[in-house]
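The values are calculated or read from the model by the stated rules, or taken from the named source; none is laboratory data. These figures come from a predicted structure and were not determined experimentally. In this analysis, Cβ positions are derived from the backbone assuming ideal geometry, glycine residues included, and neighbour counts consider all displayed protein chains.
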Amino acid sequence: MAVTNKKLVINTKWCKGCGVCAAFCPKGVLKLSGEKIEAANPDACIKCGMCEKRCPDYAIYLEEVE
Amino acid sequence: MPSKLVDKYLREAHLPHIWCPGCGHGVLMRDVAQAVDNIGLDRNKVVLVSGIGCSSRAAGYMDFNTMHTTHGRALAFATGIKMARPDLEVICIMGDGDASAIGGNHLIHAARRNIGITAIVFNNDIYGMTGGQYSPTTPYGEKGTTAPYGNIDRPFDIAKIAQACGATYTARGTAYDAVLTTKLIEDGIRHKGFSVIECASICPTYYGRKNKKGSAVDMYTWQKENSIRVEKAQAMSPEELKGKLVVGKLSEDDFPELTEQYQAIIDRVRK
């Protein structure tokens, strides 16, 4: 079951478009749109947080939601 | 608003960093921050010392007591800090050239002394900042701007050198495996004595292009497919391990730490 108390946040200002998060996302949530990453399939996100650990630019992360 | 970890341990005003798209250093710097956070160290009791090179930009980005020193001398400065203030947690971030070429002597002597410093080497196998010259860890036969026909020197194994010289904790992680690398850095910081964590980074811009390794994603995939846990590697032959990255905790030994021994001498002669 998906964890719902976390939200995926993308900071496009810091994203350099390397595509690492998208390539290793286990659920195919992320996609490069031009030179920036976007959550093309957000409903599939299981909030594993691996994109946050893999992003060399701290441009994607999970935020706790109240 | 960045993530909590970035907000707490990095200087946001200096971000985004200047490292190239896909560079493994960004991932490794986050691993260092995560390791410090996992231990719950007081930020004001941590000193981060770096030398010169791509890796050493980390001292500018990380929000600890930081020192960006001269090329190869991070460990020399760190030794001074640790001797003067043994209560501080001193962490060195160095590159492969910084740690094993320009600062090679400092590395072996810090290891010999077993001083309580955590040395983290961001090893991208090349001098990135100056344009892709081959370094002491560039694999045999691989190319750099100063080795256009292939490198004819054998590479150093930094973790092995450190262990041979007396480092009491050595480990190897990768930029790909952030979870493992964070744990290895964490254990290295907790370890009393000199610890060396060699972190295999990736340099898609110079090393990758020069050697036709593909994109950053291809290089991380290579790390994923060619990393072998040390436990498994023990049962493998040298031929099977050729060109592989043996990852995990490589060694841990017991020997008195330098500043503690030094303090014991002071206490003894003052009696």
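Worth pointing out:
- Residues of the stretch B:29-70 that are over 14 Å from B:LEU5 (Cα atoms), in a helix (DSSP H, G or I) and in contact with a Phe, Trp or Tyr (Cβ under 6 Å, 6 or more places away or on another chain): B:SER55 alone.
- When the stretch B:10-28 is limited to residues that are under 18 Å from the mean Cα position of the chain (by Cα) and part of a helix (DSSP H, G or I), the one that is nearest to the other protein chains (Cβ to nearest Cβ) turns out to be B:GLY26.
- For A:GLU35, the criteria (1) surrounded by fewer than 16 Cβ atoms within 10 Å (Cβ to Cβ); (2) at pLDDT 95 or above; (3) within 11 Å of chain B (Cβ to nearest Cβ) hold in every case but one, which is (2).
- Matching strands (runs of 3 or more DSSP E) fully within the stretch B:190-271 where at least 2 residues are more than 14 Å from chain A (Cβ to nearest Cβ) and under 29 Å from B:THR130 (Cβ atoms): B:195-200, B:245-252
- Selection of first residues in the stretch A:15-44 that are farther than 19 Å from A:PRO56 by Cβ and of second residues that are among the polar types (S, T, N, Q), restricted to Cβ pairs under 9 Å at least 6 apart or on distinct chains, gives the following pairs, ordered by first then second residue: A:LYS27/A:ASN41; A:GLY28/A:ASN41; A:ALA40/A:SER33.
- Failed condition for A:ALA44, given (1) of a type outside the set (Phe, Trp, Tyr); (2) more than 13 Å from chain B (Cβ to nearest Cβ); (3) under 19 Å from B:VAL6 (Cβ atoms): (3)
- Any hit, the stretch B:44-54, residues being within 12 Å of chain A (Cβ to nearest Cβ) and free of Cβ contacts under 8 Å to residues at least 60 places away in the same chain: no
- Residues that are in contact with a Phe, Trp or Tyr (Cβ under 6 Å, 6 or more places away or on another chain) and surrounded by fewer than 18 Cβ atoms within 10 Å (Cβ to Cβ) do occur in the stretch B:219-230, at least one of them.
- Hey, A:ILE10 out of contact with any helix residue (DSSP H, G or I) (no Cβ under 6 Å at 6 or more places or on another chain), surrounded by fewer than 20 Cβ atoms within 10 Å (Cβ to Cβ), among the β-branched types (Val, Ile, Thr) and more than 12 Å from every other protein chain (Cβ to nearest Cβ) or not: no
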